[in-house]
Structures are given as C-alpha cells and as structure tokens.
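Structure record follows, encoded as structure tokens.
The values are calculated or read from the model by the stated rules, or taken from the named source; none is laboratory data. This structure is a prediction, so every number in the text was calculated from the model and none was measured. Counting neighbours? That spans all protein chains shown, and the Cβs are built from the backbone with ideal geometry, glycine included.
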Amino acid sequence: MPSFYPLRALIFDLDGTLVDSAEDLRAALNQLLGGLDLRPIEANEIKGMIGDGVLKLVERALVAAHGDPQQKDALLPRFLEIYQANSANLTRCYPAVLETLDLLHSKGFRLAVVTNKPVLATNKILEALSLAEFFPVVVGGDSVQQRKPHPAPLLEAARRLGVEVSQSLMVGDNIHDVEAAHAAGMRCVAVSYGYHHRPPSEFNADHLIDHFGDLLPLVINPASQCRTTGSDAERIAST
C-alpha cells in the first residue's frame with residue numbers, strides 16, 4: 001500500500017466525497033423544472049449530472065427534461081435561490097466521514113474543502129452536518145475565477161492553509177479532482193463511490209479507496225498510528 005506520509009494538509013471535494021447531496025440537488029432541480037412545466041429528474045439520473053458546477057447541472061437537467069438548455073444562465077439565479085434555502089434537508093455524510101475527519105484533525109492535519117458548488121451552499125451543508133469545525137478553509141465554485149479541473153482552487157486552498165503544494169493531498173470522487181491535483185502538482189486519492197462519469201480506476205489517481213476510512217493508513221505515520229488509542233484507525237476503516 002502506498003504511503004503519502006509526511007503530509008501537512010488534506011483538501012477534500014464535497015459532493016460525492018464527504019457528503020451525498022444528490023437528493024437535495026434533485027429536489028431543487030425538480031422545483032425549478034416544475035415551474036417550467038417540464039418533467040422531473042428521476043433518482044437514477046441525478047448522480048450523473050453532478051460534479052461540474054451548478055450551471056452545468058441546470059443545463060444537464062434541462063436537456064434531460066427536454067427543455068431549452070440555452071435558458072441555463074437565466075434560470076441559474078432561481079435554482080440557487082431554491083437550493084440554497086434547502087441544501088441540507090436530505091444531504092448526509094458518507095460512512096466514517098465524521099470519525100475520520102476528527103482523527104485527522106486530532107493528528108494536526110490542516111483540512112480544507114474545495115468544491116465547484118457555491119460557497120454559501122457549501123458552508124450551510126458543512127454547518128448542518130457538523131463538519132464546519134474541521135475546515136477553516138473552504139473554496140467554492142465562486143471563490144476564485146476558475147473551477148476544477150483548473151488548479152487555481154487547490155492552489156488557493158493551499159495558500160490559505162499556509163502549506164506547500166508538496167505537503168498537500170487532494171481527495172475526490174471525480175476526474176476533475178484528479179486533473180486539478182495533477183495540474184497543481186499535488187498528490188491525489190480518488191474514492192470509488194460518489195458521482196463520476198467514468199470508472200474511477202481510469203482517473204490515474206495516486207491511489208483509489210473504496211471507503212472514506214481507508215484514507216487513514218495512507219496518510220498517518222505508521223508509528224503514530226500504532227499509538228492511536230484503541231486502534232481508532234482500524235475501527236474507523238471498518239465503520
């Protein structure tokens with residue numbers, strides 16, 4: 001198993017990595033589409049639409065519902081109004097996320113979120129799911145001029161964390177996370193769950209994990225891990 005030790009910082013994608021937000025996004029889209037007399041998006045469709053920012057999400061929904069995708073820009077403010085008011089009703093953390101972040105925080109890692117989601121909705125979700133305390137740095141899709149797969153958001157997160165890129169690791173579920181990390185000169189781990197448009201095994205990430213807790217043995221100094229009370233790392237990895 002590869003080891004990314006030593007590291008000082010971990011940067012996480014949000015949707016599909018830390019949280020499953022698909023149903024809140026679907027509910028907001030369907031409210032938007034309903035106002036246009038268009039068909040709703042089904043549960044089996046939504047995950048394939050997520051990952052490229054809200055404008056692309058609205059465009060994909062319009063295409064799927066046989067609406068006019070050229071309306072996406074005009075409809076974006078209404079979608080954001082709907083979604084930001086209800087962004088954490090159905091959204092939940094993936095298994096072992098809270099426990100793993102708590103252990104990483106206790107080990108002194110600096111943690112950040114970099115997402116293509118707007119920062120307001122991101123912060124509401126982090127607060128609602130008790131994740132905000134772990135992330136002093138949050139870079140949203142509207143925080144800098146470019147979005148992933150451009151490296152700028154990751155570089156901005158590293159700058160705010162006060163760490164070198166070489167001391168940082170990106171963790172995400174989408175090819176854009178891996179491409180952004182590579183472009184920034186940052187190592188990266190992909191998760192096999194989440195929202196992706198092609199198999200994660202094809203992402204060319206430095207490592208692929210099936211469970212969020214599997215991140216721990218990759219980043220924690222083995223000697224330090226052995227001193228973790230009650231074998232927390234093993235317990236979390238099996239949660």
Residue match in region 179-193 (condition: touching a residue at least 24 places away in the same chain (Cβ under 8 Å), touching a Cys at 6+ places or on another chain (Cβ under 9 Å) and surrounded by 22 or more Cβ atoms within 10 Å (Cβ to Cβ)): yes
Any hit, region 162-177, residues being at pLDDT 95 or above, buried (at least 21 other Cβ atoms within 10 Å of the Cβ), in contact with a helix residue (DSSP H, G or I) (Cβ under 6 Å, 6 or more places away or on another chain) and not in a helix (DSSP H, G or I): yes
Cβ pairs under 6 Å, 6+ apart, first in region 125-137 and in contact (Cβ under 8 Å) with a residue 24 or more places away in the chain, second in a helix (DSSP H, G or I) and surrounded by 19 or more Cβ atoms within 10 Å (Cβ to Cβ): PHE134/LEU101; VAL137/ALA157; VAL137/LEU161
LEU55, sole failed condition from (1) within 19 Å of the chain's Cα centre (by Cα); (2) outside any helix (DSSP H, G or I); (3) more than 28 Å from ALA96 (Cα to Cα): (2)
Test: residue in region 88-111 that is touching a helix residue (DSSP H, G or I) at 6+ places or on another chain (Cβ under 6 Å), surrounded by 15 or more Cβ atoms within 10 Å (Cβ to Cβ), of a type in the set (A, V, I, L, M, F, W, C) and in a strand (DSSP E or B): yes
Exclusive hit being under 30 Å from GLU23 (Cβ atoms), buried (at least 23 other Cβ atoms within 10 Å of the Cβ) and either acidic (Asp, Glu) or modelled with pLDDT of 95 or more (or both), set PRO153, PRO136, PRO149: PRO153
Any hit, region 6-25, residues being in a helix (DSSP H, G or I), closer than 27 Å to VAL178 by Cα and in contact with a Ser or Thr (Cβ under 7 Å, 6 or more places away or on another chain): yes
Qualifying residues in region 22-39 (those that are touching a residue at least 60 places away in the same chain (Cβ under 8 Å) and in contact with a Phe, Trp or Tyr (Cβ under 9 Å, 6 or more places away or on another chain)) - the one farthest from GLY140 (Cα to Cα): ALA27
Hits in region 5-39 - residues which are surrounded by 19 or more Cβ atoms within 10 Å (Cβ to Cβ) and at pLDDT below 95: LEU7
Residue in region 141-150 that is outside any loop (DSSP other than H, G, I, E, B) and in contact (Cβ under 8 Å) with a residue 24 or more places away in the chain present: no
